[in-house]
Amino acid sequence: MITLLQRLTDNNPKNMDEQQEAEDQSEVLIADILLLLSSRPRSYHVENIPAINESIINYGVSDVFASDTPRLERNSIMRERIQTALQRFEPRLNQIEVFPGQAQGGISSFIIEADAFFGPVRYHLMWDDVISQFSLRN
């Protein structure tokens, strides 16, 4: 089954030969999670407006911090933002927990644990705070 995000990111949607119906669902889920984490919300100051805050306009994870925010606090805030984004925009995951991992240099890590429709998943997420880029692996 092709997901909405796969259709939206397909450069040639009319070519049905490219679409693989038996594609590994775990790999599809990882790709979609990376799309979510690599996206940035359009509006940052809508926390008190639930209808807008939880809409597609806020799809993604904000990487905006005050310049004087300490590293440990930034990691804690980012952990919460990742968990919130997954809960809002990834319906294939339930009981989502994001745990802090180790930080080294400008790289922070997080552990994502959740129940997916095909079984429990555990992902290691790396966040490069310098260039604000995520990478994900099983």
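The values are calculated or read from the model by the stated rules, or taken from the named source; none is laboratory data. If you're wondering where the values come from, they're calculated on a predicted model, not measured in any experiment. Quick reminder, even Gly has a Cβ in these numbers, built from the backbone with ideal geometry, and neighbours come from all protein chains shown. Please note that ligands, DNA and RNA were not included when accessible areas were found on the heavy atoms of the full protein model with its side chains. Shrake-Rupley method; radii C 1.70, N 1.55, O 1.52, S 1.80 Å.
In region 79-103, what residues are open to solvent by less than 80 Å² (accessible area, probe 1.4 Å), of a type in the set (S, T, N, Q) and modelled with pLDDT of 95 or more?
Across region 79-103, the qualifying residue is only Gln83.
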**Prompt:** So which residues in region 55-97 are of a type in the set (Ser, Thr, Tyr) and within 13 Å of the chain's Cα centre (by Cα)?
**Reply:** Tyr59, Ser62, Thr84
**Request:** Kindly list the number of the only condition in (1) part of a strand (DSSP E or B); (2) of a type in the set (Gly, Ala, Ser); (3) in contact with a Pro (Cβ under 8 Å, 6 or more places away or on another chain) that fails for Ala103.
**Result:** (3)
**Item:** Residue among Ser62, Ser135, Ser76 that is hydroxyl-bearing (Ser, Thr, Tyr) and either assigned to a loop (DSSP other than H, G, I, E, B) or open to solvent by 90 Å² or more (accessible area, probe 1.4 Å) (or both)
**Value:** Ser62
